Amino acid sequence: MPTRLEAVYCDGWDAGVVNPLTSVTAKARDAVGEPYTVLLLLNGQLCAAMDLSWSEGYCRITRFDPADRQLSRHLLRGTDEGDLFLREARTWDGPADAGKYEYPHVAARTTTTYSNSGMRTDIVEPRGDRGARQESTSEQRPPRLPIPEFGQWNELLRLAGEASAEIVDAVQHELPVRVETRAPWRPPRPLRPDGIAELFVSGAIVDIHDKRLHLSVHQAGELRLTSGRLVAADPSSLEFDAEPFTVSVPAGAYPVSISLATFLDDPRHSRVCAARLDVNDRPTVRWELALRDGQEPIDLGYREFFGFGVDAGMACFVDADARERMKDVWLTLDGLIDPRHRTIDSGAMVVWSSGWGDGAYPTWIGYDAAESVTCFVADMLLFPTDSDEDDD
């Protein structure tokens, strides 16, 4: 006779049931791909939590022991074919006397990661955070499963190490319950390129908090891409962390524009919104995040992005072949206050002040209807979006 598990629906688990949901509400969310959590109880005690968001092709299964310690966590992501593949599996084992919060750090830990291309990486840490680790790679395609119908979660649970079970809705339970304004987890919706084109509308007025800013667009000259491999980086880090993007363009000289925001109540105060390198003049119909080798968009969480870090308050475009030659140019710059941008060595580098200062910034690639690159835009994240304000 199969084990009987009782399902409790909610916005998430955080040492308690956060924002309980009815089965009807959870099923409705499931049907449209919106996020929710299923808690599975064995004899009234939590044994597994499933965070589901099918619109993002996302499923995270966490298993617990009777002491409420994490035993395993399995992350599944969607494929282009519409099913799920196992992206990562992490398990913990002992010691028996470790407490709930100490356990994930001191228990023996094994992490297995799969790529969709068929590469498997195993990391074994016999003493958790406290000791050595062994890493190995092999060619192995990840386990794949169809996205299940609501309530039909046995295949997912078996993949995570749970035995087959009869799953029924819980009539009542004794888990702690609380109501929060926000769910304890977010589906992996990375930062999106909203309003990128609008940053280059000269004369536009933008409100930020209690201030109004005027946008203007300035031509910074042409950047020489001798190899066609663009680097966006802090000019002070060209010798340390300045790999080119995986998408390249034909070698040539390309015009660069700087979007500048000036405070209406203080015209001496301006900030760079973005820098754009134009590859052609055809309309941009879609944007995607510029990536470096080894970066996988599927690993990005809520509003995360891959970008370049800034520690010197400046950013630049430069060709990959010019990195070594231009690595010390930043020492000659005076903070880029007036003007906010400069073209170096007849177009070997274009440099600008980085938005509000130090931080991390994404670069977006624009494509036309024929899937040709139209531009690269380094976004200085000057203006908060509605999502940013919701996170405050």
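The values are calculated or read from the model by the stated rules, or taken from the named source; none is laboratory data. Computed from a predicted structure; not experimentally measured. Reconstructed Cβ throughout: ideal geometry from the backbone, glycine too, with neighbour counts over all protein chains shown. We work out accessible area using only protein heavy atoms, side chains counted, and drop any ligands, DNA or RNA first. Shrake-Rupley method; radii C 1.70, N 1.55, O 1.52, S 1.80 Å.
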Of (1) open to solvent by 50 Å² or more (accessible area, probe 1.4 Å); (2) over 26 Å from S53 (Cβ atoms), D122 satisfies every one except (1)
Here the qualifying pairs (Cβ atoms under 8 Å; residues six or more apart or on different chains; first in region 316-333 and touching a residue at least 60 places away in the same chain (Cβ under 8 Å) and within 17 Å of G228 (Cα to Cα); second surrounded by fewer than 21 Cβ atoms within 10 Å (Cβ to Cβ) and basic (K, R)) come out as D319/R224; D319/R229; A320/R229; D321/R229; A322/R224
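Residue-wise test of (1) open to solvent by less than 10 Å² (accessible area, probe 1.4 Å); (2) modelled with pLDDT of 85 or more.
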{"site": "D334", "(1), (2)": "no, no"}
{"site": "M349", "(1), (2)": "yes, yes"}
{"site": "W356", "(1), (2)": "no, yes"}
{"site": "W364", "(1), (2)": "yes, yes"}
{"site": "A369", "(1), (2)": "no, yes"}
{"site": "C375", "(1), (2)": "yes, yes"}
{"site": "L381", "(1), (2)": "no, yes"}
If we take region 119-204, then strands (runs of 3 or more DSSP E) inside it with 1 or more residues that are without any contact (Cβ under 8 Å) to a residue 60 or more places away in the chain are 119-125, 134-139
Sole miss for G12 among (1) surrounded by fewer than 20 Cβ atoms within 10 Å (Cβ to Cβ); (2) in contact with a Pro (Cβ under 8 Å, 6 or more places away or on another chain); (3) in a strand (DSSP E or B) is condition (1)
- Evaluate the following for G309: is it modelled with pLDDT of 90 or more, of a type in the set (G, A, S) and under 30 Å from R77 (Cβ atoms)? yes
Any chance region 78-100 includes a residue that's open to solvent by less than 20 Å² (accessible area, probe 1.4 Å), within 21 Å of Q172 (Cα to Cα) and not in a strand (DSSP E or B)? no
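Out of curiosity, is L264 within 18 Å of L199 (Cα to Cα), in contact with a strand residue (DSSP E or B) (Cβ under 6 Å, 6 or more places away or on another chain), in contact (Cβ under 8 Å) with a residue 40 or more places away in the chain and open to solvent by 70 Å² or more (accessible area, probe 1.4 Å)? Please lay out each step first, then the result.
Details: within 18 Å of L199 (Cα to Cα): yes; in contact with a strand residue (DSSP E or B) (Cβ under 6 Å, 6 or more places away or on another chain): yes; in contact (Cβ under 8 Å) with a residue 40 or more places away in the chain: yes; open to solvent by 70 Å² or more (accessible area, probe 1.4 Å): yes.
Here the answer is yes, as L264 does meet what is asked.
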With the first residue restricted to region 287-315 and required to be among the polar types (S, T, N, Q), and the second required to be open to solvent by 40 Å² or more (accessible area, probe 1.4 Å) and at pLDDT 95 or above, Cβ contacts under 7 Å at 6 or more apart or on different chains are Q295/F306
Here the residues within region 1-38 that are of a type in the set (V, I, T) and in contact (Cβ under 8 Å) with a residue 60 or more places away in the chain are T3, V8, V17, V18, T37, V38
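Specify the residue that is modelled with the lowest pLDDT; the eligible residues are those in region 318-332 that are of a type outside the set (S, T, Y) and surrounded by fewer than 17 Cβ atoms within 10 Å (Cβ to Cβ). Show your work before the answer.
Residues of region 318-332 of a type outside the set (S, T, Y): 318-331.
From what is left, the residues that are surrounded by fewer than 17 Cβ atoms within 10 Å (Cβ to Cβ) are 324-325, 328, 331.
Values: E324: 91, R325: 93, D328: 90, L331: 84.
Of everything passing the filter in region 318-332, L331 is modelled with the lowest pLDDT.
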Residue pairs within 6 Å by beta carbon, gap of at least six or interchain, first lying in region 59-77 and more than 18 Å from L41 (Cβ to Cβ), second open to solvent by less than 50 Å² (accessible area, probe 1.4 Å) and outside any strand (DSSP E or B), listed first then second, are H74/A160; R77/G57; R77/I298
For T246, state whether it is more than 20 Å from M314 (Cβ to Cβ), touching a residue at least 40 places away in the same chain (Cβ under 8 Å) and over 30 Å from the mean Cα position of the chain (by Cα). no
Flagged in region 138-165 as closer than 25 Å to G94 by Cα, of a type outside the set (G, A, S) and open to solvent by 30 Å² or more (accessible area, probe 1.4 Å), in numbering order, are R158, L159, E162
Given (1) more than 25 Å from D11 (Cβ to Cβ); (2) surrounded by 22 or more Cβ atoms within 10 Å (Cβ to Cβ); (3) within 24 Å of the chain's Cα centre (by Cα), A107 misses just (3)
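What do you reckon, is A315 at pLDDT 90 or above, open to solvent by less than 60 Å² (accessible area, probe 1.4 Å) and under 28 Å from L191 (Cα atoms)? Show your work before the answer.
Details: at pLDDT 90 or above: yes; open to solvent by less than 60 Å² (accessible area, probe 1.4 Å): yes; under 28 Å from L191 (Cα atoms): yes.
Criteria met by A315.
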